[in-house]
Every structure is written in structure tokens, then in C-alpha cells.
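Accompanying notes for the structure given below.
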Amino acid sequence: MIRIVIITHVYDGFRERNFLLRSLAGYWLDAGHDVHLVAGLDNWPDADVAIMHVDLSLVPGAYSAAAKRYPVVVNGAAVDVRKRLVSRNLVTRNDGWTGPVIVKTDLNYGGLPEKQAAECFRRDGKPADLPPGPVVATTRPYPIFSAASAVPAEVWANPGLVVERFLPEQDERGYCVRAWVFCGDCERCTRYRGTDPIVKSATIVAHEPAPVPEAMRAERERLGFDYGKFDFVVGDGQAILLDANRTPSAPPSSPEIEASNARLATGIERLARK
């Protein structure tokens, strides 16, 4: 039996949200493991493995410091997934890139987790443990421009936004994005095809298994991930990381997905021995 504690932010609402880790935790319980969930910094139980599942782009230092009590901390090194760290394709105003660009928030998932947490801190009259500076969040699709010269001046002046090279994966059947999900040494990788340049669940028309490029494994090592999901594309034989997510959502359930999740869940056993 492995004693597992899932560490979440005080305002994450883990039990009400569709996180992939909720599915994996069910398989851990079925396997006889002991699983505890904590929200915030109080009442952390003893455990063999702690999983850092704070749904913020930058894990607050108090959570990382407190987690040092555990012998193994899954994603203990993956504390920062802001775009300025994750992306290798950032564009500056005068760097010579002449192709299309896309504007994103520096914070992951459009900055929405930070926006929600900030609102909760204000509501409760508590000091926020968020990154310094204003929270820039959006629910709109990220805008694409034909060139960096077309990006508005206010974007360049906003430290909460980044500009990246727009490098879609495309073939004669449409646009593609690949998702690599992993838990320790267990993984699945899927190539999704959609009808729009930015492939989202609403526009996906087909999917198929895909290999994991060595470049993505190197990125996982660079960012310190034990568990999570990487979105990437492949163009001209080069794999390009788009997004690194420590707290991925669960895909729609199906017998295929549940069988895959059951395999993913077994990765915790090797992580516990790392």
C-alpha cells in the first residue's frame, strides 16, 4: 500500500472539477492505496508520496516549502509553467521573425485560475499568494496576426502577455495538435485533427495514437515534470512544445480512455520508488 496525499490550492475546488487526477485517484483506491486530499496549507497527513496539484502557473513558495516533509513529491520541481519559461518560440518586437504570430497570456490556461483565486482572496479578505503584478486573463481565443509588426503596441507593453511564433501542424486533411499525457513512466500520446488552425475539442474531427518525440522527453526533463500533459505540434520533423500542464483535465470518458487511465495510474508505483 502507498500512502498518497494530493496537495491542492485552497481555492482549487478539486472535488468539483474534472481533473484527470480524480480519475487516477479512483484507480489508486481500487488498488488498495491510501489517498488523502488537502486544500491549502493546513492538516497535511503523513504520506509516502505527495502530488503537487496546485492549479496555478506558479506554485506559491509556501506550498513547495511545506511539501519538503515528504520523501517523494511528484512535480515538486515543476513549480513554474508560465509561458516565458516554457516556450522556446517567443517573439520580441524587433527580432527579425517575419512569419505569423499568436498572442497568449503568460499565465497558463488564459490566466483564469489566477483570476478566480484573486477573486476568492478579495472576497475572503486574505492576502493573495499569486505572482506579483496584475492578473491578465482571457476567455477569448488567442489572436493570430500575420506578422509581429501587426501586433498592437499595447500587447508589447503588457507584461502579462507574450507573443509567440505561430507554427501550426497541417496536412491535406486539416490542422493537428498532439497531446502527451504521462504519469511516471506510463503514458499515452494522441494526435488530434481539427478544422481550425487552433485545434480545440469542439473542432476535433479525428484522432489517432502518435509516438512521443525525444525532444518532448527532453522538455519534460527540462521542466521537471513527473505527471502532466504536454501539447505540441510537429513540423519539418521538429517537435514544438505549445503548453505544459501540471493539472490536466480528464478527456470525455469512454472504455478506451478508462483503460488508458487505469494504465496511467500504475505509474504512481514507480514514482513512489524514485
Taking first residues from the stretch 142-154 that are in contact (Cβ under 8 Å) with a residue 24 or more places away in the chain and second residues anywhere that are polar (S, T, N, Q) and outside any helix (DSSP H, G or I), the pairs with Cβ under 9 Å that are 6 or more apart or on different chains are Y142/T105; A147/T98; A148/T92; A148/N94; A148/T98
Counted residues in the stretch 139-159 being within 21 Å of the chain's Cα centre (by Cα) and within 16 Å of I198 (Cα to Cα) come to 5
Based on this model, can you work out whether V199 counts as aliphatic (A, V, I, L, M), in a loop (DSSP other than H, G, I, E, B) and surrounded by 20 or more Cβ atoms within 10 Å (Cβ to Cβ)?
yes
One residue is enough: does the stretch 165-173 have a residue meeting the conditions free of Cβ contacts under 8 Å to residues at least 40 places away in the same chain and aliphatic (A, V, I, L, M)? no
With criteria (1) buried (at least 21 other Cβ atoms within 10 Å of the Cβ); (2) touching a helix residue (DSSP H, G or I) at 6+ places or on another chain (Cβ under 6 Å); (3) in a helix (DSSP H, G or I), Y27 comes up short on (1)
Picked from the stretch 206-234 (must be of a type in the set (D, E, K, R) and under 22 Å from D55 (Cβ atoms)), the residue surrounded by the most Cβ atoms within 10 Å (Cβ to Cβ) is D226
For the stretch 158-192 the number of residues that are in a loop (DSSP other than H, G, I, E, B) and either at pLDDT 95 or above or crowded, with 16+ Cβ neighbours inside 10 Å (or both) is 6
When (1) surrounded by 14 or more Cβ atoms within 10 Å (Cβ to Cβ); (2) within 19 Å of G224 (Cα to Cα); (3) touching a strand residue (DSSP E or B) at 6+ places or on another chain (Cβ under 9 Å) are applied to R84, the one that fails is (1)
Only one of L24, L56 is within 26 Å of F230 (Cβ to Cβ) and in contact with an Asp or Glu (Cβ under 7 Å, 6 or more places away or on another chain), namely L56
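The values are calculated or read from the model by the stated rules, or taken from the named source; none is laboratory data. Since the structure is predicted, the reported quantities are computational estimates derived from the model, not experimental observations. Reconstructed Cβ throughout: ideal geometry from the backbone, glycine too, with neighbour counts over all protein chains shown.
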